[in-house]
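First the structure, in the form of structure tokens, and then the observations on it.
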Amino acid sequence: MTKQIKIGNVYIGAGNKIAVQSMTNTATNNVAETVKQIKMLEEVGCDVIRVAVANQNDALAIKEIKKQINIPLVADIHFDYKLAILSVQSGADKIRINPGNIDSDEHLAEVIECAKKYGVAIRIGVNGGSLNKQSSEQYGNSAMALADSALRYIDFFEKQGFFDIVLSVKSSSVQKTIEACRIIASKTDYPQHIGVTESGCGELAKAKSAIGIGSLLVDGIGDTIRVSLTDDPVNEVIFAKEILKAVGKDKDFCEVISCPSCGRCQFDLIGTAQKVKDYVKDIKKPLKVAVMGCVVNGPGEAKDADLGLAGGKGKVVFFKKGEVYRTVESNDVLNEFLKEIDFIK
Ligand code: SF4
């Protein structure tokens with residue numbers, strides 16, 4: 001079990017709900033645009049938002065942004081330790097730094113001291129492109145180098161008496177990310193922020209994120225996730241939430257199980273499944289409904305569905321927990337099935 005870490009009013013680690021994160025792509029000092037984007041992300045279920053702090057105005061804007069949003073804010077800082085300190089002073093709930101690009105241990109210690117004073121957590125974010133020098137000399141550009149970099153930084157932070165740490169070891173390689181996160185999980189109990197970085201755009205980017213994040217979550221690794229897409233951040237959050245559902249980390253929804261259909265199917269299975277999916281999209285409790293093409297495999301394959309349908313010759317059967325209980329004409333199937341859903345939702 002990982003340690004619990006507080007980020008504003010959200011707790012991660014220690015078995016808490018896995019928090020979905022995203023990052024704004026507005027100039028942070030454009031408060032109106034940044035708040036507008038954060039509000040859209042809140043609406044689709046973003047739990048924690050990160051903003052880039054590239055200059056002093058960005059750091060100062062955090063104070064105003066925080067007044068207008070409801071979710072915790074993480075400041076993302078590279079190179080300039082003063083911006084990290086200013087972000088904490090402006091009210092960031094967590095900061096994300098890569099210690100490897102802060103210019104000296106003394107300056108890093110100043111950042112840590114400030115976070116300690118304000119009770120703000122720090123994410124040590126190590127990426128393939130910015131490894132600790134000794135780690136990359138010893139392990140090259142490998143998963144071990146990523147993990148070793150993070151472990152060396154933990155050591156430094158702990159020596160400063162700082163323990164509110166979240167870790168991330170990310171690479172654009174799915175395999176390397178998974179391997180590095182597994183090493184980290186075997187060596188520390190700090191919570192991990194997981195994701196495949198710079199995964200690109202389109203279907204491949206989603207596949208990389210689903211496989212990278214999904215495999216780790218199935219292993220029980222990962223306390224907060226970010227799907228990183230070259231796309232509108234709203235899509236990152238929507239897709240992240242689908243990953244959580246797919247791996248059973250979010251059960252409060254109605255899952256539609258449907259077969260791909262084949263030559264045995266005698267009704268409009270694809271259209272019916274899509275309409276059923278739309279109908280149940282706002283249900284927020286654990287339910288399963290099945291839409292199956294035929295009775296050959298349908299009820300048996302979807303035994304654990306709360307409710308299901310399977311096509312037959314001119315008729316469609318409805319079943320519950322794998323047992324057939326009602327037969328309807330093919331023409332009436334959708335209307336009748338939606339009525340049945342109303343009884344169980
Ligand atoms: S349930 Fe029936 S229609 Fe659907 S794929 Fe299986 S055999 Fe084909």
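Checking Ala14, Ala109, Ala115, Ala54 one by one, the residue that is buried (at least 20 other Cβ atoms within 10 Å of the Cβ) and either of a type in the set (Ser, Thr, Tyr) or in the same structural domain as Ser209 (by TED's automatic domain parsing) (or both) is Ala115 and no other. Being among the hydroxyl-bearing types (Ser, Thr, Tyr) and within 11 Å of the ligand (Cβ to nearest atom) is the filter; apply it to segment 247-287 and report the residue that is farthest from Gly212 (Cα to Cα). This residue is Ser261. When the test is whether a residue is more than 21 Å from the chain's Cα centre (by Cα) and buried (at least 22 other Cβ atoms within 10 Å of the Cβ), Val166 does not pass it. Scanning segment 300-314 for residues that are closer than 17 Å to Thr272 by Cα and either within 33 Å of the chain's Cα centre (by Cα) or modelled with pLDDT of 90 or more (or both) yields Ala302, Ala305, Leu307, Gly308, Leu309, Ala310, Gly311.
For segment 304-318, filtering for residues that are under 8 Å from Lys288 (Cβ atoms) and either without any contact (Cβ under 8 Å) to a residue 24 or more places away in the chain or of a type in the set (S, T, N, Q) (or both) leaves 1. Please enumerate the residues belonging to segment 169-190 that are under 16 Å from the mean Cα position of the chain (by Cα), within 17 Å of Val218 (Cβ to Cβ) and not aliphatic (A, V, I, L, M). Of everything in segment 169-190, those that are under 16 Å from the mean Cα position of the chain (by Cα), within 17 Å of Val218 (Cβ to Cβ) and not aliphatic (A, V, I, L, M) turn out to be Thr177, Cys181. Counted as qualifying within segment 1-118 are the helices (runs of 4 or more DSSP H) with 2 or more residues that are over 24 Å from Tyr190 (Cβ atoms), namely 31-43, 56-68, 81-89. Filtered by the rule that a residue be surrounded by fewer than 19 Cβ atoms within 10 Å (Cβ to Cβ) and either under 16 Å from the mean Cα position of the chain (by Cα) or among the charged types (D, E, K, R) (or both), segment 35-51 gives Lys36, Lys39, Glu42, Glu43, Val44, Gly45.
Every condition in (1) surrounded by fewer than 19 Cβ atoms within 10 Å (Cβ to Cβ); (2) more than 16 Å from the ligand (Cβ to nearest atom); (3) over 30 Å from Gly202 (Cβ atoms) is met by Glu301 except one, and the failing one is (2).
For segment 316-331, the set of residues classified as surrounded by fewer than 15 Cβ atoms within 10 Å (Cβ to Cβ) and modelled with pLDDT under 90 consists of Lys321, Glu323, Tyr325, Asn331, listed by residue number. The condition (being of a type in the set (Gly, Ala, Ser) and within 15 Å of the chain's Cα centre (by Cα)) is satisfied by just one residue among Gly248, Gly263, Gly271: Gly248.
The values are calculated or read from the model by the stated rules, or taken from the named source; none is laboratory data. Here the structure is a predicted model, which means the values were calculated and not measured. All Cβ positions, even for glycine, are placed from backbone atoms using ideal geometry, and neighbour counts span all protein chains on display.
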